[in-house]
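Read through the structure below, which is laid out as structure tokens, and then see the notes.
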Amino acid sequence: MFCNCALHRRGVFRLAGGFAAALGLGSRAVAQAQPAPAPMIGSAGPLPARGEFIVRGGHVLTMDASLGDLPAGDVHVRDGAIVAVGANIAAQNAQVIDARDMIVLPGFVDTHWHLWCTALRLIVRADDPQEGYFPTTIRVGRHVTPQDSYIGVRLGVAEGLLSGITTVHDWSHNTVSPQHADAEMQALKDIGIRARFSYGSGQGAPADKPMALGDLARVQKQWTGDMLSVGAALRTPGLPGTRGAIPVDLYRTEFEAVKKLGLQATIHCGPKGLIDLMGKNNLLGPDILLVHPQGMSADELKMIGETKSPWSIAPVIEMSYSAVRNGTIQYSELSAMGTQLGLSIDASAATNADFFNVMRALMWSDWQRTGAPLRLKPKRLVELATIEGAKLLGLADKTGSLTPGKRADLSMIRTTDLNMAPARDPYYAIVFQGQPSNVDTVMVDGRILVRGGKLTAVDVPKLIGEAAESARGVEERAKRT
């Protein structure tokens with residue numbers, strides 16, 4: 001639980017300092033290891049209570065091979081857990097949620113999303129080289145306050161919930177201070193999403209200085225729980241001139257420190273020769289989540305297969321940035337090797353949080369390369385969006401499938417809407433016709449956060465107003481420097 005008492009602050013400082021000393025870190029990491037002075041203030045309201053529900057009569061896609069699909073099935077939920085999946089389940093005291101003419105499936109699992117900057121869509125212009133996503137976030141990143149980060153995370157997740165997303169990987173590459181880290185964690189907690197927060201460095205951080213590893217340890221200790229987990233978003237090793245690149249030796253120091261904490265690290269890829277550099281320096285493996293699988297040579301792909309290095313794919317962004325990242329999305333090569341894969345939004349400041357479009361974009365990319373719809377089928381795309389993403393984040397024991405014993409993260413998609421009807425194959429309907437407006441109900445850990453296509457615990461007009469004010473404030477502060 002978040003606490004701001006003086007005793008807690010002193011205790012956390014000692015804890016982080018101890019971690020820093022054990023990891024051999026310098027004074028900078030220790031000095032930054034302080035919690036936020038106060039919780040964020042915004043449009044957060046109380047979350048709905050967990051209860052007992054029967055989701056009745058839907059076309060249930062369990063994404064569990066041992067259970068399969070149920071054309072007319074029920075899902076029994078009690079106190080946040082899935083109790084049973086089957087037909088005609090009896091539960092005397094349960095509230096019945098009518099799922100007839102709906103597809104019931106696990107919530108989507110995002111595996112890489114820069115949530116802190118969502119509100120900056122007010123000032124980002126993808127069609128203007130001077131005001132695009134990369135130059136804008138570099139220019140204004142250091143002017144983003146913890147309150148701005150809190151609002152950005154809530155704005156992005158709120159949109160994601162309406163798209164059926166129930167788990168996010170908050171890839172924070174602007175963790176300017178301990179207060180920023182706590183603000184993002186608080187936002188994730190307040191909105192009720194299941195999340196991993198990957199602690200990173202601030203935009204424009206010195207390339208010769210380590211990230212705040214002591215504070216990373218503090219955040220891991222303070223915030224890890226049933227709904228929230230922690231990772232580390234590292235900068236790219238080597239390759240001078242690459243945005244955010246740091247020396248290989250510094251990268252190795254950070255990577256080893258993160259592994260000692262038992263956390264998964266993650267980095268952006270794309271620069272030509274990066275995987276070769278990492279492979280030759282023994283920096284690949286299952287404990288590093290790579291993002292943007294593009295531009296790899298045959299030898300580099302072999303390195304990925306041999307080291308079992310997992311990947312997050314952000315197809316909407318990757319298709320538009322193929323020239324920047326040196327090539328097409330190499331899904332088919334990675335899939336053929338059995339590489340663990342997941343899907344992601346990437347940056348909703350530059351696009352949106354439509355996870356249906358994420359699935360379609362990968363399908364279109366793969367079909368364009370293969371010349372025919374032979375490899376990537378709709379069912380596989382839904383697997384990538386659910387259970388495979390959960391596996392990628394190490395959360396498959398909690399989410400990703402409608403398996404009794406797992407937590408109740410699910411969504412219900414209407415098939416009677418004009419763009420969906422008449423529907424036959426539910427996987428095909430989701431991937432080819434689906435869009436966020438078809439999402440009727442979303443449950444996260446047994447809490448109903450979307451009902452009738454509306455958010456139940458977010459004051460949407462107020463949040464939009466906060467986001468606009470936040471973005472304008474960031475831009476004004478950036479202009480004054």
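The values are calculated or read from the model by the stated rules, or taken from the named source; none is laboratory data. Just so it is clear, the structure is predicted and the values come from calculations on it, not from any experiment. Here the Cβ positions follow ideal geometry from the backbone for every residue, glycine too, while neighbour counts run over all protein chains shown. These accessible areas exclude ligands, DNA and RNA; they are computed on the full protein's heavy atoms, side chains included. Shrake-Rupley method; radii C 1.70, N 1.55, O 1.52, S 1.80 Å.
For the range 250-283, enumerate the residues that are polar (S, T, N, Q), open to solvent by 50 Å² or more (accessible area, probe 1.4 Å) and outside any helix (DSSP H, G or I).
Within the range 250-283, just 282 meets the criteria.
Hey, can you tell me all the residues within the range 77-102 that are at negative phi and not in a strand (DSSP E or B)?
Answer for the range 77-102, where residues must be at negative phi and not in a strand (DSSP E or B): 87, 89, 90, 91, 92, 93, 94, 99, 100.
From (1) farther than 18 Å from residue 114 by Cβ; (2) assigned to a loop (DSSP other than H, G, I, E, B); (3) under 22 Å from the mean Cα position of the chain (by Cα), pick out the condition that doesn't hold for residue 201.
Every condition holds for residue 201 apart from (1).
Would you check which residues across the range 310-329 are polar (S, T, N, Q) and modelled with pLDDT under 95 and list them?
Scanning the range 310-329 gives 320, 322, 326, 328.
Across the range 43-76, what is the total count of residues that are assigned to a loop (DSSP other than H, G, I, E, B), hydrophobic (A, V, I, L, M, F, W, C) and open to solvent by less than 30 Å² (accessible area, probe 1.4 Å)?
Looking only at that region, the number is 1.
Might you let me know whether the range 78-94 holds any residue that is under 18 Å from residue 472 (Cβ atoms), among the β-branched types (Val, Ile, Thr) and open to solvent by 20 Å² or more (accessible area, probe 1.4 Å)?
no
What number of residues within the range 170-188 satisfy the criterion of being closer than 15 Å to residue 217 by Cβ and acidic (Asp, Glu)? Walk me through how you get there before you give the answer.
Going through the range 170-188, the residues closer than 15 Å to residue 217 by Cβ turn out to be 175, 178, 181-182, 185.
Okay, now just the ones that are also acidic (Asp, Glu), so 182.
Looking only at that region, the number is 1.
Restricting the search to the range 137-178, which residues are among the basic types (Lys, Arg) and open to solvent by 20 Å² or more (accessible area, probe 1.4 Å)? Give the derivation first.
First pass over the range 137-178, keeping only residues among the basic types (Lys, Arg): 139, 142, 154.
Across the range 137-178, the qualifying residues are 139, 142.
Pick from the range 402-447 the residues that are in a strand (DSSP E or B), within 20 Å of the chain's Cα centre (by Cα) and hydrophobic (A, V, I, L, M, F, W, C): which of them is farthest from residue 66 (Cα to Cα)?
So the residue we want is 439.
Which pairs do you get when a residue that is closer than 23 Å to residue 316 by Cα, found in the range 86-113, comes within reach of a residue that is aromatic (Phe, Trp, Tyr), reach meaning Cβ atoms under 7 angstrom, with the pair 6+ apart or on two chains?
Matching pairs, first to second residue: 108/355; 112/171; 113/171.
Taking residue 394 as meeting all but one of (1) surrounded by fewer than 19 Cβ atoms within 10 Å (Cβ to Cβ); (2) touching a helix residue (DSSP H, G or I) at 6+ places or on another chain (Cβ under 8 Å); (3) touching a residue at least 40 places away in the same chain (Cβ under 8 Å), write down the number of the exception.
With respect to (1) surrounded by fewer than 19 Cβ atoms within 10 Å (Cβ to Cβ); (2) touching a helix residue (DSSP H, G or I) at 6+ places or on another chain (Cβ under 8 Å); (3) touching a residue at least 40 places away in the same chain (Cβ under 8 Å), residue 394 is out only on (2).
Please find, within the range 110-136, the residue that is most open to solvent (accessible area, probe 1.4 Å) out of those that are aliphatic (A, V, I, L, M) and assigned to a helix (DSSP H, G or I).
Once the filter is applied, the top-ranked residue is 122.
Would you check if residue 160 is touching a residue at least 24 places away in the same chain (Cβ under 8 Å), among the small types (Gly, Ala, Ser), in a loop (DSSP other than H, G, I, E, B) and at negative phi?
Working: touching a residue at least 24 places away in the same chain (Cβ under 8 Å): yes; among the small types (Gly, Ala, Ser): yes; in a loop (DSSP other than H, G, I, E, B): no; at negative phi: yes.
No, not satisfied.
Here is a list: 231, 204, 244. Which entry is closer than 24 Å to residue 144 by Cα, open to solvent by 30 Å² or more (accessible area, probe 1.4 Å) and in contact with a His (Cβ under 9 Å, 6 or more places away or on another chain)?
Of the residues listed, the single one that is closer than 24 Å to residue 144 by Cα, open to solvent by 30 Å² or more (accessible area, probe 1.4 Å) and in contact with a His (Cβ under 9 Å, 6 or more places away or on another chain) is 244.
Condition first: more than 25 Å from residue 360 (Cβ to Cβ) and either open to solvent by 20 Å² or more (accessible area, probe 1.4 Å) or touching a His at 6+ places or on another chain (Cβ under 6 Å) (or both). Now tell me which residues in the range 409-451 satisfy that. Explain how you work it out, then say what you get.
Taking the range 409-451 and keeping what is more than 25 Å from residue 360 (Cβ to Cβ), we get 445-448, 451.
Answer for the range 409-451, where residues must be more than 25 Å from residue 360 (Cβ to Cβ) and either open to solvent by 20 Å² or more (accessible area, probe 1.4 Å) or touching a His at 6+ places or on another chain (Cβ under 6 Å) (or both): 447, 448, 451.
Listed residues 277, 334; which is of a type outside the set (Phe, Trp, Tyr) and within 22 Å of residue 385 (Cα to Cα)?
Every option except 334 fails the conditions.
Is one or more of the residues making up the range 33-43 among the hydroxyl-bearing types (Ser, Thr, Tyr) and at pLDDT 95 or above? Show your work before the answer.
Residues of the range 33-43 among the hydroxyl-bearing types (Ser, Thr, Tyr): 43.
When the remaining residues are screened for being at pLDDT 95 or above, the result is none.
Among the residues of the range 33-43, not one is among the hydroxyl-bearing types (Ser, Thr, Tyr) and at pLDDT 95 or above, which makes the answer no.
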